[in-house]
Amino acid sequence: MPHTKFPVEILTPEGELFNDEVEMVSTRTSLGLIGILANHSPLLATLDPTELRIYKSDSDIVRFAQAEGYLQVGGNRVMILVEEAHEPDQLDTGALREQLERAERELQEAGEDSEKRRVAERDRRRAEAFLRIAEGT
């Protein structure tokens, strides 16, 4: 059964990545997984690295590896602002493994409560999420 469509825009620092009418958005906020349909209550949330799924229809799903960012829902539209987003087939598993190893080394070297530790933890979460998406797990 088709759902009511609503506009979704995905923006990165490089510019607009997606802008179309969709039936549903599925992503992960800092509080957990969320699915957004038309007429969703207004919402502002921080996003965690995950697979972002944009359902244009039940059989037409656009997928992205989503980094950290923000989700805004209001006026029956969704805006997603993320540091980076990539189609899964554009991800390089070798480079992602290197990023994960580098983040783990930096975590070991960082002080217990330091900015370096927070950045390394963020980089590790992003590399782990992107690697899972690239490997299809």
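The values are calculated or read from the model by the stated rules, or taken from the named source; none is laboratory data. Keep in mind that what you see is a predicted model, and the values were worked out from it rather than measured. In this analysis, Cβ positions are derived from the backbone assuming ideal geometry, glycine residues included, and neighbour counts consider all displayed protein chains.
A few remarks follow.
- Residue satisfying condition, being basic (Lys, Arg) and in the same structural domain as residue 48 (by TED's automatic domain parsing), within set 63, 117: 63
- Any hit, segment 6-21, residues being closer than 20 Å to residue 88 by Cα and crowded, with 20+ Cβ neighbours inside 10 Å: yes
A quick yes/no check of all residues on (1) within 17 Å of the chain's Cα centre (by Cα); (2) surrounded by 16 or more Cβ atoms within 10 Å (Cβ to Cβ); (3) assigned to a loop (DSSP other than H, G, I, E, B); (4) at pLDDT 95 or above:
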| position | (1), (2), (3), (4) |
| --- | --- |
| 25 | yes, yes, no, yes |
| 28 | yes, yes, no, yes |
| 51 | yes, yes, no, yes |
| 59 | no, no, yes, no |
| 73 | yes, yes, no, yes |
| 89 | yes, no, no, no |
| 94 | no, no, no, no |
| 103 | no, yes, no, no |
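- Filter pass, residue 118 being under 30 Å from residue 3 (Cα atoms) and either in contact with a strand residue (DSSP E or B) (Cβ under 7 Å, 6 or more places away or on another chain) or in a helix (DSSP H, G or I) (or both): no
- The residue that is nearest to residue 20 (Cα to Cα), counting only those in segment 75-89 that are touching a Ser or Thr at 6+ places or on another chain (Cβ under 8 Å) and of a type in the set (Val, Ile, Thr), is 80.
- Single match in 77, 53 (criterion: among the basic types (Lys, Arg) and closer than 22 Å to residue 132 by Cα): 53
- Test for residue 83: is it touching a residue at least 40 places away in the same chain (Cβ under 8 Å) and charged (D, E, K, R): yes
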